Amino acid sequence: MKVNNNEIKISKKRIDPYIVETPLLRLRNLDEYLGCQVFAKVESMQNTGSFKIRGVMNKILTLSNQELSNGVVTASSGNHGRALAYAAKSLGIKATVVIPNTAPKMKIDAIKSLGAEVILSETKERFIVAEKIASERNATMVHPFDDEQIISGQGTIGIEIAKQEPNLDKIIVPVSGGGLISGISVAVK
C-alpha cells in the first residue's frame, strides 16, 4: 500500500466510529498579530488527548484476527502508547508499551489504567526492546510514525481540515517523527 488520498479516505471511514471529529477553531486573538486568519485543529479533544489515536486505530483495524490475537507492541514516550492501550482495550486485545524509564509517572499510569503492560527501558533502546518483544511474542509492532497505516490514519486530520475550512492558504503541522505531517500533506495536497 502507498499512502494516497484514497487510502486516507478509506481510513477515515474505518476509524470514524472510534474517534472524535475535532473542531477547527478560529483564534481571532492571533489574527491581528499575525496578519491573517488563524485556526487550530483541537486534537486534544480526542479520547486519548492527542491525534495519535487516529493512526493507531487505523493500523489495528487492518490487522487480521490472528494478528489481533497475538497482541500489539509499541515504543512510545507517552501519547502513542496511550493511544495503543486505548485502542487495544476498545477491541479487547493485549497491548504492550515500552516507555522510557524517564517518563513521568502520570503518563505511565495513564497507559496502565487502560490495561496495557508497561515495560520501562532506556530511552535510546525502547524501539529495540519493543521489536524484540514483538518478535518473541509473535505480536504486531505498531510503530508511532514509520508505518503507512499510521500515516493514513493521521492524514484523516487533513480531510477534516479541508472540509471544515476549504479555502486555507497554509497549514502548519508540528514535526517529530514525520507521520502526522506526511498524512496531512497527502490529504490536503
Rounded to the nearest 10 degrees, the helix 79-91 long axis (Cα) sits at an angle to the longest Cα principal axis of the chain of 70
Under the Karplus relation with 6.51, -1.76 and 1.60 and θ = phi - 60°, whole-Hz ³J(HN,Hα) for region 53-63, x at Gly and Pro, equal 4, 4, x, 4, 5, 4, 4, 5, 6, 9, 7
Taking Cα atoms, the helix 179-188 axis meets the longest principal axis of the chain at an angle in degrees (rounded to 10) of 40
Per-residue HN-Hα couplings for region 157-164 [Karplus 6.51, -1.76, 1.60; θ = phi - 60°; Hz; x = Gly/Pro]: 4, x, 4, 5, 4, 4, 6, 6
Contact order normalised by length for region 1-155, with contacts defined as Cα pairs under 8 Å and 6 or more residues apart; what percent is it? 26
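Can you work out the accessible area per residue across the chain, with the rest of the protein chains kept in place, probe 1.4 Å, in square angstrom?
53
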Percent antiparallel among DSSP beta bridges with both residues in the chain, to the nearest 5? 20
3J(HN,Hα) from dihedral phi, region 3-12, Karplus parametrisation 6.51/-1.76/1.60, rounded to Hz, x for glycine, proline: 6, 8, 4, 5, 4, 5, 5, 5, 4, 4
Going by amide H atoms built from the backbone, whose H comes under 5 Å of the H on Phe39, apart from near neighbours? Leu27
Quick query: amide H of Val98 versus all other amide H atoms, modeled in the peptide plane; which residues come in under 5 Å with a sequence gap of 5 or more or a different chain? Thr74, Ala75, Ser76, Ile119
Under a 5 Å amide H to amide H cut-off, with H placed in plane at 1.01 Å, what residues pair with Met141 once short-range neighbours are removed? Val73
Bins of 10 Å, starting at 0 and running to the largest distance - Cα pair percent for region 95-171: 16, 33, 28, 17, 6
Pairs beyond 20 Å (Cα-Cα), from Lys52/Lys132; Lys94/Lys132; Lys13/Lys52; Lys41/Lys105; Lys107/Lys132: Lys52/Lys132; Lys41/Lys105; Lys107/Lys132
One finds the C-alpha centres of region 1-65 and region 98-151 to be spaced, in Å, by 22
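Could you work out the Kirkwood radius for the chain, taking every pair of different alpha carbons, averaging 1/r and inverting it, reported in Å?
Roughly 17.0 Å, rounded to one decimal.
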Take every Cα pair under 8 Å in region 117-189 that's 6+ residues apart, average their separations, divide by the length, and report that relative contact order as a whole percent. 32
Expected unfolding gain across Ile172-Leu25 under the 0.36 nm per residue rule, minus the alpha-carbon gap, is 51.5 nm
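The values are calculated or read from the model by the stated rules, or taken from the named source; none is laboratory data. Just so it is clear, the model here is predicted, and its values are computed rather than measured. Quick note on the areas: whole protein, heavy atoms, side chains included, nothing else; ligands and nucleic acids left out. Shrake-Rupley method; radii C 1.70, N 1.55, O 1.52, S 1.80 Å.
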